[in-house]
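Any read-out appearing in this document is the output of simple, stated calculations on the displayed coordinates, not a laboratory observation. The structure presented is a predicted model; accordingly, all values stated were derived computationally and were not measured. Cβ: placed from backbone, ideal geometry, glycine included. Neighbour counts: every protein chain shown.
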Amino acid sequence: MKLKNLTIEGPRKRPILLDVDYLPNHRAKQVVIFAHGFKGFKDWGTFPLVAKQLAEAGFICIRFNFSHNGGTAEQPWDFPDLEAFGQNNYSLEQADLKKVVSWVRQTHEIPDREIDRSSVSLIGHSRGGGAVLLYAGHNPHIHKVVTWAAVSDFGARFKAYPVEQWKKDRVIYIRNGRTLQDMPLYFQFYEDFTAHEKQLTISGALEKMTCPLLVIHGTKDEAVKVEEAQAILKNYPKAQQLLIEGAGHTFDGKHPWEQETLPPALHQALEASIAFLKR
């Protein structure tokens, strides 16, 4: 069963689009919500195949687009709405996650006989990994968390930006090498973080988190160094860790992905995630 591009209202009345994958069998299934990363979207590359395999493993998998990721209801892939992309921030992404989790607990789109609404776990990739750590730290009802190549410190990401010039110009641009777009980041992004830094600090959320955590990272990740996985474990010592030798940031996935099987590194990450979620 696939429910495609369902729409719920997100912050600032922007849509959150989500897909649901599961195999109907009249048995209540655990829910796994998958959060994409920076310059990501729910239909990126290998993500649909990941969702299909999670469904085949007995879960209800929900992929969604963050409300300000740059997609639209008409075109939920890539980045047709750069203005929305530029207005995104970490607080909005937390609000999006809250909306999706609330939808899971209330929706009639999935029959009661098929869903265990009390068992909601999160998987997040890259910036989405940081987002799910934050959310689980502040929301103890989350069952389990898995991170793939997750960032460990949102504040540290700003060190790469010329903050004073950014403040003056109110915008900087990030080149997307795949789409060749110059993607805006408005200064509100930095302002929102500094205004809510305590709530948006991942290490602080980890101090509050109580659920089981699996941290997966590639040893050759150039975008988010493997040391960030070690930082997460330092702040949450009871977490489990899997380092995949030679894997990069996307575990060898790319967009588009036209093969019917996952690359070996991502297959390893997914199999470990499934085993962890089933325990």
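Residues ASP19, ASP112, ASP192, arranged from fewest to most other Cβ atoms within 10 angstrom of their Cβ, appear as ASP112, ASP192, ASP19.
As a proxy for reagent exposure, ranking PHE158, PHE47, PHE187 by other Cβ atoms within 10 Å from fewest up yields PHE158, PHE187, PHE47. Distance between Cα centroids, the range 11-43 to the range 138-193: provide it in whole Å. Taking the Cα centre of each part, the range 11-43 and the range 138-193 sit 22 Å apart.
Each stretch of four or more DSSP H residues adds -39500 (n - 2.57); spread over every residue of the chain, this sum gives -9500 deg cm²/dmol at 222 nm. Using C-alpha pairs below 8 Å separated by at least 6 residues, the relative contact order for the range 105-212 is 30 percent.
When only the Cβ of Lys, Arg, Asp and Glu is charged (+1, +1, -1, -1), the dipole of the range 63-175 relative to its Cα centre reaches about 400 debye.
Under a 5 Å amide H cut-off, with hydrogens placed 1.01 Å from N, ASP221 pairs with VAL226 among residues at least 5 apart or on other chains. Neighbour counting of Cβ atoms within 10 Å sorts the residues GLU245, GLU197, fewest neighbours leading, into GLU245, GLU197. Using θ = phi - 60° in the Karplus curve 6.51 cos²θ - 1.76 cosθ + 1.60, the 3J(HN,Hα) couplings for the range 242-248 round to 10, 9, 9, 4, x, 7, x Hz; x is entered for Gly and Pro. The range 6-157: percent of C-alpha pairs farther apart than 20 Å? Looking at the range 6-157, the distances longer than 20 Å represent 45 percent of pairs. Only Lys, Arg, Asp and Glu carry charge here, each on its Cβ (+1 for the first two, -1 for the last two); on that basis the chain has a dipole of about 600 debye about its Cα centre.
When the square roots of the Cα gyration tensor eigenvalues are ordered a ≥ b ≥ c, the ratio a/c for the range 148-279 is 1.5 or more and a/b does not exceed b/c, which makes its shape oblate.
Once you have the Kirkwood Rh of the range 58-115 from its Cα pairs, apply Stokes-Einstein at 25 °C and 0.890 mPa s and quote D in µm²/s. Using the Kirkwood radius from Cα pairs, D works out to 190 µm²/s.
The modelled label-to-label distance between ARG175 and GLN188, using points 7 Å beyond Cα along the C-beta direction, is 2.7 nm. When the Cα positions of PHE189, THR210, ALA149 are compared along the charge dipole of the range 148-279, THR210 comes out farthest toward the positive end, with charges on each C-beta of Lys, Arg, Asp and Glu.
On a 0 to 90° scale, report how tilted helix 127-138 is relative to the longest principal axis of the chain, with both axes built from alpha carbons and the result rounded to the nearest 10. So the inclination is approximately 70 degrees. Legend: residue pairs LYS2/LYS39; LYS144/LYS238; LYS29/LYS144; LYS144/LYS208; LYS98/LYS144; LYS159/LYS208, Cα-Cα distance threshold 21 Å; pairs beyond threshold, LYS2/LYS39; LYS159/LYS208.
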